[in-house]
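Trainee: The structure follows.
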Amino acid sequence: MSKGKSPGRRGECLKPIDLSLLDSPLDFMAEDHLRTRKICALIDQVAASNGTDHTDVKEVMFFLRDEFPLQMQDKTIDLFPMMHTRCKVSDEIESILDRLQSDHGKELETQAKLTAALENLLAGQAEPRPKDWALLVSFAKHVRRHLIVENAILLPIARARLSASDLAQLRDTMQQRRQLNKVVE
Ligand SMILES: [Fe+2]
């Protein structure tokens, strides 16, 4: 939710997360959540203005297309299975993971539709329909609720349960996903 101030641009979590933070993968995820919340505020602004500011539309579109799927994969492919293995029954994490997994499926389905609608807008091919703007707003609302659970429950338990070896594995797979290992200086 906007706090009565326009979301900022670069330098206020409206730029991709510093990849050097991947040395600490859970800290990277926390930063990624912060950025995602900022993008959700920008989404509200874009939807309220029917996308008149194409710079903002591009920002949202690039995030949805290029970054959002990565953070889904970080959790669904890497973190959730690790949590299934490492958490204790007393953590009562299973139902939480099931819910988060289900959320991811719905969010990815919506993300694909929204990315296509915004790409069409930017290409001058088609204006999003009112139901597309409404879907954008409901997506941001859903993501905010989802992030509350991940920040308040998932990440604290992950910090408590994952070993140094787990974190190193998480770091490596997240780096590979972002192709850091293929960067040639
Ligand atoms: Fe998530």
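Trainee: Which numbered condition in (1) within 16 Å of the ligand (Cβ to nearest atom); (2) open to solvent by 60 Å² or more (accessible area, probe 1.4 Å); (3) free of Cβ contacts under 8 Å to residues at least 40 places away in the same chain is the only one that Ala48 fails?
Mentor: (1)
Residues checked against (1) in contact with a Lys or Arg (Cβ under 9 Å, 6 or more places away or on another chain); (2) free of Cβ contacts under 8 Å to residues at least 24 places away in the same chain; (3) in a helix (DSSP H, G or I); (4) open to solvent by less than 20 Å² (accessible area, probe 1.4 Å):
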| residue | (1), (2), (3), (4) |
| --- | --- |
| Met29 | yes, no, yes, yes |
| Asp32 | no, no, yes, yes |
| Cys40 | yes, no, yes, yes |
| Glu59 | yes, no, yes, no |
| Phe62 | no, yes, yes, no |
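Trainee: Also, I was wondering about something else. Which of (1) open to solvent by less than 70 Å² (accessible area, probe 1.4 Å); (2) within 19 Å of Asp172 (Cα to Cα); (3) without any contact (Cβ under 8 Å) to a residue 40 or more places away in the chain; (4) not aliphatic (A, V, I, L, M) is the odd one out, the single condition Thr85 does not satisfy?
Mentor: Of the numbered conditions (1) open to solvent by less than 70 Å² (accessible area, probe 1.4 Å); (2) within 19 Å of Asp172 (Cα to Cα); (3) without any contact (Cβ under 8 Å) to a residue 40 or more places away in the chain; (4) not aliphatic (A, V, I, L, M), the odd one out for Thr85 is (1).
Trainee: Do we have any residue at all in the range 64-74 that's part of a helix (DSSP H, G or I), closer than 22 Å to Gln125 by Cβ and away from the ligand (no atom under 16 Å from the Cβ)?
Mentor: yes
Trainee: Inspect all residues belonging to the range 51-62 and state whether any of them is among the charged types (D, E, K, R) and within 18 Å of His142 (Cβ to Cβ). Show your work before the answer.
Mentor: Our first condition is that a residue be among the charged types (D, E, K, R); within the range 51-62, this holds for 53, 56, 58-59.
Those left that are additionally within 18 Å of His142 (Cβ to Cβ): none.
No, that holds for no residue.
Trainee: In addition: Looking at this structure, is His33 away from the ligand (no atom under 14 Å from the Cβ) and at pLDDT 95 or above?
Mentor: Against the criterion (away from the ligand (no atom under 14 Å from the Cβ) and at pLDDT 95 or above), His33 does not qualify.
Trainee: Of (1) in a helix (DSSP H, G or I); (2) under 12 Å from the mean Cα position of the chain (by Cα), Ile77 satisfies all except one. Which?
Mentor: (2)
The values are calculated or read from the model by the stated rules, or taken from the named source; none is laboratory data. Values in this document were obtained by computation on a predicted structure and should not be read as measured data. Cβ atoms come from the backbone with ideal geometry, glycine included; neighbour counts cover every protein chain shown. Accessible surface areas use protein heavy atoms only, side chains included; no ligands, DNA or RNA. Shrake-Rupley method; radii C 1.70, N 1.55, O 1.52, S 1.80 Å.
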